[in-house]
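This report refers to the structure that appears directly beneath it.
Bear in mind that the values in this text are calculations on the coordinates, not laboratory data. These figures come from a predicted structure and were not determined experimentally. Counting neighbours? That spans all protein chains shown, and the Cβs are built from the backbone with ideal geometry, glycine included.
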Amino acid sequence: MDGSMGRRPTAWMAAAGVLGIAAAVLAGLLAWRWDGGGGAGASSGGPGWAATGPRAPTHEHADFAVVIRGERFDFGQPQFISDTEGKELSEHVHIHAPRYTVVHVHSTLVTWGEFFQSLGFKLTDPSFPGVTDDRTCLELPSGEKLCNTASERWSFIANGVPVDGLATVNIGDLDRVLFSYGPETPGEALAKYWGLVTDQACIPSELCKARIPADEPPETCSGRGTCTR
């Protein structure tokens, strides 16, 4: 037998070994990003939930509603509210009186996942690379997990259009967004619950001042580009 032919199996084995090591390293890097490097399994707040890149100051607002089995979740509870008495749940994004269905965004690149995490929730959905529909869940501050099942599912509606997920999507100025969990399809959730999403973000943005009730005290955080506290 030719000597070069006799060496071929050894060469192939060496090449396979190198490829195996490279694959293991890559898998390790991906696992690190997934569980601790800012992916869907990240447990820390802040930029891990936002798109990568530097942030800049801004001041924008969006309307939202979370509907669970036909009931709109109450974000007017004290634990979810940032106020003027030193309690600020996040420097980047918050809600406060008197409009608990309006998100105030103070930094660019703030995502819906980051907003929810600042309130003690954890949203995992297909907007994360590699997350399939069957792994979509919202963990509540109580620890209860609401996940897609054969009988109930999450529907995400952004500005009247069903989308696959929103956790890694940046909050846009004057967006209106619905998060619905129940037996409904996205189309059914849109038809039944879209009316629960307010359209009040223009008020703190000072784009529709005529809609502000005359007897309402001034908001502690209003305007575009600035925030008075």
Estimated inter-spin distance, residue 133 and residue 207, nm [label 7 Å along Cα→Cβ] = 3.2
³J(HN,Hα), Karplus 6.51/-1.76/1.60, whole Hz, each residue of the stretch 133-140, x for Gly, Pro | 4, 6, 9, 6, 8, 10, 8, 7
Eligible lysines near residue 87 by straight Cα distance, threshold 26 Å, same-chain separation 8 or greater | 122
Set the Förster radius R0 to 35 Å, insert the Cβ-Cβ distance between residue 161 and residue 214 as r into 1/(1 + (r/R0)^6), and round the FRET efficiency to 0.05.
-> 0.50
In sequence order, calculated HN-Hα J values of the stretch 89-105 (Karplus, 6.51, -1.76, 1.60; Hz; x Gly/Pro) | 5, 7, 6, 9, 7, 6, 10, 7, 5, x, 10, 8, 10, 10, 8, 9, 10
Taking H placed 1.01 Å from N in the peptide plane, check which residues at least 5 places from residue 169 or on another chain put their amide H under 5 Å from its amide H.
-> 112, 113
Simple SL model, points at 7 angstrom along Cα→Cβ for residue 97 and residue 55; separation in nm is 2.6
